[in-house]
Structure formats: C-alpha cells, structure tokens
1. For region 7-21, which residues satisfy the criterion of being away from the ligand (no atom under 11 Å from the Cβ) and buried (at least 23 other Cβ atoms within 10 Å of the Cβ)?
2. When only residues in region 103-129 that are within 13 Å of the ligand (Cβ to nearest atom) and over 14 Å from the mean Cα position of the chain (by Cα) count, which is surrounded by the most Cβ atoms within 10 Å (Cβ to Cβ)?
3. For region 36-56, which positions are more than 11 Å from the chain's Cα centre (by Cα) and outside any helix (DSSP H, G or I)?
4. Step by step: first the residues of region 23-35, then only those that are outside any loop (DSSP other than H, G, I, E, B) and in contact with a strand residue (DSSP E or B) (Cβ under 6 Å, 6 or more places away or on another chain), then the one that is surrounded by the fewest Cβ atoms within 10 Å (Cβ to Cβ). Which residue is that?
5. For region 100-128, what are the residues that are over 18 Å from residue 50 (Cβ atoms), without any contact (Cβ under 8 Å) to a residue 12 or more places away in the chain and assigned to a helix (DSSP H, G or I)?
6. Being under 17 Å from residue 61 (Cα atoms) and near the ligand (Cβ under 9 Å from one of its atoms) is the requirement here; does residue 86 meet it?
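Rule-based calculations on the coordinates, nothing more; no lab input. All figures in this text were calculated on a predicted structure; none of them were measured in a lab. For neighbour counting, all protein chains shown are included, and Cβ atoms are generated from backbone atoms with ideal geometry for every residue, glycine included.
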Ligand SMILES: Cc1cc2nc3c(=O)[nH]c(=O)nc-3n(C[C@H](O)[C@H](O)[C@H](O)COP(=O)(O)O)c2cc1C
C-alpha cells in the first residue's frame, strides 16, 4: 500500500480541516495516510511515496513553519512525489487571481504545475481578533466557506501515484 503524508499549518483551522478531509479522501483511494502539523514533524520522510504540503496565506505569505519545513527537507522532497497547496481567498477574486496562483511558489520554488494548487478557503470572523475583523471587513471580505470539494478531490486524484491507480484498477477487475 502506498503511503501519503500531509503536512500543514493553520491559523484559524480551515487548512487543518482541509488537510484532514484530504487525508480521509486519500484513504478511500487506498493510500495509508499520515497527517501532521509542520511544527510537530520530527520524523524521517523516507517511508512516504507522496508528500502533500499545505498552508494558508495570511497577509500575502504562507506560514513560516511550512516554508521552513520545505527548506529543511528540500533534497528529499525533490526525490519524492511532492505536492503543495495554498489556501486563500484571493483565488476567487479575478483581479487577484494571478497573484494567488503564485502562492505555492512561496512555499516551494520548483514543482511541476500539476503538483501545485490554490484553493479558496474559509472566512469566519468568530475565529479572528477584533482588529483583523475590522481590517478585513473594510477590505470588503465576506464570511463564508468557499472550499470547492470537487476541485480539491480532482487535484488529489491527479497527484495519487500512478502505481496506486494501477493497483486499484487490478482490484476492481
Ligand atoms: C488576518 C488574515 C489575513 C489574510 N490575508 C490573506 C491574503 O493576503 N491573501 C489571501 O488570499 N487570503 C488571505 N486571508 C484569507 C485566508 O487565507 C483564509 O481565510 C484561509 O482559509 C485561512 O486558513 P486557516 O483557517 O487555516 O488559518 C487572510 C485571512 C486572515 C484572517
């Protein structure tokens, strides 16, 4: 059975929740899946066939612990099937879409386009302090869960190691 690792950070919880649901989805696809916050990970990456790294974008940047994780493990990540996703709101705004598409590169510089994704996240004013709430409201940000699960699952399907897909096809025939 192929092994997947999902490494994430999260401030208000939506990236953590997305990572967890990605893990559940990958399990339904037959992958043994491990989930960890970047700041908690202190083991080897060797056993994993697929490594997914995810971060929210806050004030234009991914979480520092994710960037540090990617830097620390860059040589092994380059040898593995590695995929990165950013969670943000800008991807849903036509004027900011181009900038949003550059967010995964702020986590890891060089990955094939198919292994990078930018997903719309969640805005819940109850999870942030009053100052940020006022700032975001002034910027016209509206509350909502903007995640598109069909899009997220389609991306996961595209990054599942091909040998896993072949294994599953044999099982179903
Ligand atoms: C203080 C703050 C700043 C944010 N800055 C950005 C930003 O610069 N660009 C963007 O696209 N989204 C921005 N967002 C939206 C977040 O990326 C989005 O809410 C995401 O789902 C948060 O993930 P989390 O719940 O895992 O922390 C910001 C959200 C907050 C609360």
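1. Of all residues in region 7-21, those away from the ligand (no atom under 11 Å from the Cβ) come to 7, 20-21.
Matches in region 7-21: 7 only.
2. Going through the qualifying residues, I end up with 123.
3. If we filter region 36-56 for residues that are more than 11 Å from the chain's Cα centre (by Cα), which is where we start, we get 36-50.
Hits for region 36-56 are 36, 37, 41, 42, 43, 44, 45, 46, 47, 48, 49, 50.
4. Residues of region 23-35 outside any loop (DSSP other than H, G, I, E, B): 23-28, 32-35.
Within this subset, residues satisfying the condition of being in contact with a strand residue (DSSP E or B) (Cβ under 6 Å, 6 or more places away or on another chain) are 23, 26-27, 32-35.
On the way: 23: 19, 26: 24, 27: 12, 32: 14, 33: 22, 34: 16, 35: 17.
So, considering only residues that are outside any loop (DSSP other than H, G, I, E, B) and in contact with a strand residue (DSSP E or B) (Cβ under 6 Å, 6 or more places away or on another chain), the one surrounded by the fewest Cβ atoms within 10 Å (Cβ to Cβ) is 27.
5. Initial filter on region 100-128 (over 18 Å from residue 50 (Cβ atoms)): 100-103, 105-106, 109, 118, 120-128.
Add one more test, that the residue is without any contact (Cβ under 8 Å) to a residue 12 or more places away in the chain, and what stays is 102, 105, 109, 126.
The answer is 105, 126.
6. Numbers: under 17 Å from residue 61 (Cα atoms): yes; near the ligand (Cβ under 9 Å from one of its atoms): yes.
The answer is yes for residue 86.
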